[in-house]
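Beneath this line is the structure, given in structure tokens, with notes to follow.
The values are calculated or read from the model by the stated rules, or taken from the named source; none is laboratory data. Keep in mind that this is a model prediction, so the values were computed, not measured. Note that we place each Cβ from the backbone using ideal geometry, even for glycine, and neighbour counts take in every protein chain shown.
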Amino acid sequence: MMYLKRFFKLLHRVDQRKSEFIREKSFLTLIFSDQLCVITFLLLTASRPAHPVHTSITQMQYNTAEKAFEVSLRVFTDDLEDVLTKENNNQRVRLSDKDANGPLVERYIRKHFNLTNAQHQRKPYRFLGKEQEVDATWIYIEIPYTEPIEGSLLQQSLLMDLHDDQMNLVNVTYKSEKKTVLFKKSNSQQVLTW
């Protein structure tokens with residue numbers, strides 16, 4: 001099922017690009033036939049090397065009814081396994097939907113992802129679990145938050161202890177306004193302004 005979702009997302013992106021090229025009357029539109037897209041997708045996924053880019057994406061959505069941030073963190077599974085292995089005294093960690101590694105993942109997340117309010121109080125949160133995709137792991141947490149977000153400090157340093165070029169994107173949606181914040185090793189904590 002996950003392969004189909006990814007495949008349709010890829011086709012959608014290709015269709016968008018085709019439209020852009022048609023608008024520009026570019027010769028490149030001839031290259032992008034639907035059959036070629038399918039073949040290219042299959043070849044890329046079958047012979048894909050380790051990912052060369054080290055990124056994670058986090059979605060933080062404020063639920064006004066619950067007065068809490070609902071947070072979804074997406075990281076590459078192989079990177080998460082490597083860093084958890086390192087944290088686990090080099091005992092190899094393999095992640096799957098039905099493994100017993102939830103406590104290891106939670107401990108690591110609590111160390112590297114935090115929200116502190118403007119009064120310098122670290123906000124406690126609930127670890128809800130994780131979910132596996134083909135090459136990614138989704139991690140879910142919930143952070144109760146009743147005060148204004150202005151002046152809060154967000155830390156997002158996941159996998160920065162593994163890769164020096166790690167970049168973590170956080171999309172924060174708060175009271176119908178969305179902002180994207182980029183975290184790097186040299187800047188793993190940022191003040192949120194609204």
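Okay, residues lined up against (1) within 22 Å of Met160 (Cβ to Cβ); (2) touching a helix residue (DSSP H, G or I) at 6+ places or on another chain (Cβ under 7 Å); (3) among the charged types (D, E, K, R); (4) assigned to a helix (DSSP H, G or I):
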position	(1), (2), (3), (4)
Ala100	no, no, no, no
Arg107	yes, no, yes, yes
Arg110	yes, no, yes, yes
Gln119	no, no, no, no
Phe127	yes, yes, no, no
Glu131	no, no, yes, no
Thr137	yes, yes, no, no
Glu142	no, no, yes, no
Glu147	no, no, yes, no
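Examine region 106-115 for a residue that is at pLDDT below 95 and within 19 Å of the chain's Cα centre (by Cα), and state whether such a residue exists.
No, region 106-115 has no match at all.
Among the residues of region 53-80 satisfying the criterion of being under 16 Å from the mean Cα position of the chain (by Cα) and part of a loop (DSSP other than H, G, I, E, B), which is modelled with the highest pLDDT?
The extreme case among them is His54.
Can you say whether Ser157 is closer than 20 Å to Gly102 by Cα, modelled with pLDDT of 95 or more and of a type in the set (S, T, N, Q), as far as the supplied structure shows?
So Ser157 passes the test.
From the list Glu142, Glu131, Glu147, pick out the single residue that is surrounded by fewer than 18 Cβ atoms within 10 Å (Cβ to Cβ), acidic (Asp, Glu), closer than 28 Å to Thr64 by Cα and out of contact with any strand residue (DSSP E or B) (no Cβ under 8 Å at 6 or more places or on another chain).
Glu147
Is it the case that some residue within region 69-81 is touching a helix residue (DSSP H, G or I) at 6+ places or on another chain (Cβ under 8 Å) and surrounded by 16 or more Cβ atoms within 10 Å (Cβ to Cβ)?
yes
Hey, any hits in region 85-101 for a residue that's modelled with pLDDT of 95 or more and small (Gly, Ala, Ser)?
No, there is no match, as no residue in region 85-101 is modelled with pLDDT of 95 or more and small (Gly, Ala, Ser).
Mind checking which pairs have a first residue in region 124-151 that is outside the structural domain of Ser96 (by TED's automatic domain parsing) and a second that is modelled with pLDDT under 95 and not in a strand (DSSP E or B), Cβ under 7 Å, 6 or more apart or different chains?
Within 7 Å, no pair qualifies.
Read through the list (1) on the phi < 0 side of the Ramachandran plot; (2) in contact (Cβ under 8 Å) with a residue 40 or more places away in the chain, then give the number of the only condition that Lys175 fails.
Looking at each condition in turn, Lys175 falls short on (1).
Taking the condition of being in contact (Cβ under 8 Å) with a residue 60 or more places away in the chain, in contact with a Leu (Cβ under 7 Å, 6 or more places away or on another chain) and acidic (Asp, Glu), how many residues in region 64-105 meet it?
2
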